[in-house]
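Asker: Please find one structure pasted underneath; my questions will follow.
The values are calculated or read from the model by the stated rules, or taken from the named source; none is laboratory data. Small disclaimer: the values here were computed from a predicted structure and weren't measured. Every residue, glycine as well, gets a Cβ built from its backbone with ideal geometry; the counts of neighbours run over all protein chains shown.
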Amino acid sequence: MSEMLIVGAGPVGAVCALALQQQGIAARVLEAQPLDARADTRTLALSYGSRLILDRLGVWDRIEGATPITRIHISQRGALGVARLSASEVQVSALGYVLPYASLTAVLKQALADAGIAVDYGVAVAGIESDTACATLRTAAGDTLTAPLVVVADGGRGAKAADPKISRDYDQTAVVCDVQTELPHGDQAYERFTPEGPAALLPNGDRYALVWTAANADAQRIAALSDAEFLDALYRHFGGRQGRFVAASSRKTFPLKLAYTGSEASDRVVRIGNAAQTLHPVAGQGFNIGLRDAWELAGLCGDTPADEVGSADMLRAYVRGRRVDVLGGVGFTDFLVRVFSNDIAPLRHARGLGLLALEVFPPLKSFVARRMIFGARG
């Protein structure tokens, strides 16, 4: 069987290539960025389920700087209702982990090299055409490559995506940075819902990674505040559960939207990760769904007869198998943003009752926690 082509050497593409190799299937990865591209400074929130995938690929133990999340405190500002999730209640060592994006990508890049998987850096994709026999990929340099299956895992940058089937502009922007609090985090994360959008504090080393969601116009103003003004504004916005905020790193902003394109799995081409769906960061679902996309696709390729890999029947089976998990994550995050990002009194009271039910009804708490950790198969 000819080697698969994967567009994108980020975490989702790298995991797909490594998982395919475990199934005995060769893959070649094309990455538009050069080998020495500047490291991404983002912070990632990995679920425990994603850690298991990285464990199975033999890369988790190589990652440095991962901070466990053993408890999550969920509340809404100015209203009743608090829920607490803990790793011990669902019998896992951690609900998730916070780590630098650069740490994960560096380890995966080395794992690809150690595994002898070919990665062509600095190769941009100009287009992909396909029929029932094979997919043909054209690079920006004019080269042509063919494969029984092309996996688009680059967020859609290298190959034109179809129009989203579900699209929503939340008119929100995330302000992100690291912050130091008076009190130690004790591996506890916070998800605080406000009418302007959720604010999350994720334990990250001896600090917190902050994701402060605000309306587009407000976010730019917030990000531009001096450190002292920013810390005071954050204290007023989030509250004093961790004492005062005493230090903050430089702020960055990211616009937030929902775009569900779908796997577009037909005629030898399949989209995974951000190339298939981009989610709001609330509840930290998007990246973890992308890793499950890669793992499930590789597993299905391994279970499919060699001459049928990439066929329409196989790709339809992939789409069916991923639909509940992906659309469940899309619906869950969209529901949280739309229901919690307002100050409508009846909804505020209903949210409080919902959080109370989550706190006092263990089966519901376990269900929600396991869905966040493992997806639809939780």
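Residue-by-condition table, conditions (1) in contact with a Lys or Arg (Cβ under 9 Å, 6 or more places away or on another chain); (2) modelled with pLDDT under 95:
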position: T304; (1), (2): no, no
position: D307; (1), (2): no, yes
position: R320; (1), (2): no, yes
position: T333; (1), (2): no, yes
position: L336; (1), (2): no, yes
position: V339; (1), (2): yes, yes
position: A345; (1), (2): no, yes
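Asker: Just to be sure, is A376 of a type in the set (A, V, I, L, M) and exposed (fewer than 13 other Cβ atoms within 10 Å of the Cβ)?
Answerer: It is false that A376 is of a type in the set (A, V, I, L, M) and exposed (fewer than 13 other Cβ atoms within 10 Å of the Cβ).
Asker: Return yes or no: is A312 surrounded by 13 or more Cβ atoms within 10 Å (Cβ to Cβ), touching a residue at least 12 places away in the same chain (Cβ under 8 Å), in contact with a helix residue (DSSP H, G or I) (Cβ under 8 Å, 6 or more places away or on another chain) and among the aliphatic types (A, V, I, L, M)?
Answerer: For A312, the condition - surrounded by 13 or more Cβ atoms within 10 Å (Cβ to Cβ), touching a residue at least 12 places away in the same chain (Cβ under 8 Å), in contact with a helix residue (DSSP H, G or I) (Cβ under 8 Å, 6 or more places away or on another chain) and among the aliphatic types (A, V, I, L, M) - is not met.
Asker: Exactly one of (1) over 22 Å from the mean Cα position of the chain (by Cα); (2) surrounded by 18 or more Cβ atoms within 10 Å (Cβ to Cβ); (3) modelled with pLDDT under 95 is unmet by Q285. Its number?
Answerer: All conditions are met except number (1).
Asker: In region 256-285, what count of residues is obtained for those that are more than 22 Å from L315 (Cβ to Cβ) and not in a strand (DSSP E or B)?
Answerer: Selection size over region 256-285: 7.
Asker: Can you name the condition, by its number, that D232 falls short on among (1) among the acidic types (D, E); (2) within 30 Å of I272 (Cβ to Cβ); (3) surrounded by fewer than 22 Cβ atoms within 10 Å (Cβ to Cβ)?
Answerer: (2)
Asker: Here's another thing I want to ask about it. Going through region 328-378 one residue at a time, which ones are in contact with a helix residue (DSSP H, G or I) (Cβ under 9 Å, 6 or more places away or on another chain), touching a residue at least 60 places away in the same chain (Cβ under 8 Å) and among the aliphatic types (A, V, I, L, M)?
Answerer: V330, L336, V337, L358, V368, A369, M372, I373
Asker: Considering only residues that are surrounded by 21 or more Cβ atoms within 10 Å (Cβ to Cβ) and of a type in the set (A, V, I, L, M), look in region 315-327 and name the one that is farthest from E3 (Cα to Cα).
Answerer: The extreme case among them is V326.
Asker: Checking the condition of a type in the set (K, R), in contact with a His (Cβ under 8 Å, 6 or more places away or on another chain) and closer than 29 Å to L364 by Cα, which residue from R77, R51 passes?
Answerer: R77
Asker: Here's a follow-up. Counting just the residues of region 28-44 that are hydrophobic (A, V, I, L, M, F, W, C) and assigned to a loop (DSSP other than H, G, I, E, B), which one comes out modelled with the lowest pLDDT?
Answerer: This residue is A39.
Asker: Follow-up. Hey, does region 249-269 have a residue that's acidic (D, E), modelled with pLDDT of 95 or more and either in contact with a Ser or Thr (Cβ under 9 Å, 6 or more places away or on another chain) or surrounded by fewer than 23 Cβ atoms within 10 Å (Cβ to Cβ) (or both)?
Answerer: The answer is no; no qualifying residue exists.
Asker: Could you check region 189-255 for strands (runs of 3 or more DSSP E) lying wholly inside it with 2 or more residues that are in contact (Cβ under 8 Å) with a residue 40 or more places away in the chain, touching a Phe, Trp or Tyr at 6+ places or on another chain (Cβ under 9 Å) and closer than 18 Å to Y101 by Cα?
Answerer: 199-204
Asker: Follow-up. Please go through region 328-346 and give me each residue that is surrounded by 16 or more Cβ atoms within 10 Å (Cβ to Cβ) and not in a loop (DSSP other than H, G, I, E, B), ordered by number.
Answerer: The answer is G328, G329, V330, F332, T333, D334, L336, V337, F340.
Asker: Pull out all pairs, ordered by first then second residue, where Cβ-Cβ is under 6 Å, the residues are six or more apart or on different chains, the first lies in region 20-31 and is on the phi < 0 side of the Ramachandran plot, and the second is of a type in the set (S, T, Y).
Answerer: The qualifying pairs are E31/Y121.
Asker: Another question, then. When you go through V123, V98, V90 one by one, which is the residue that is over 26 Å from K365 (Cα atoms), crowded, with 16+ Cβ neighbours inside 10 Å and of a type in the set (A, V, I, L, M)?
Answerer: V123
Asker: Give the residue that is farthest from V150 (Cα to Cα), with candidates limited to residues of region 297-309 that are more than 22 Å from the chain's Cα centre (by Cα) and crowded, with 17+ Cβ neighbours inside 10 Å.
Answerer: Result: T304.
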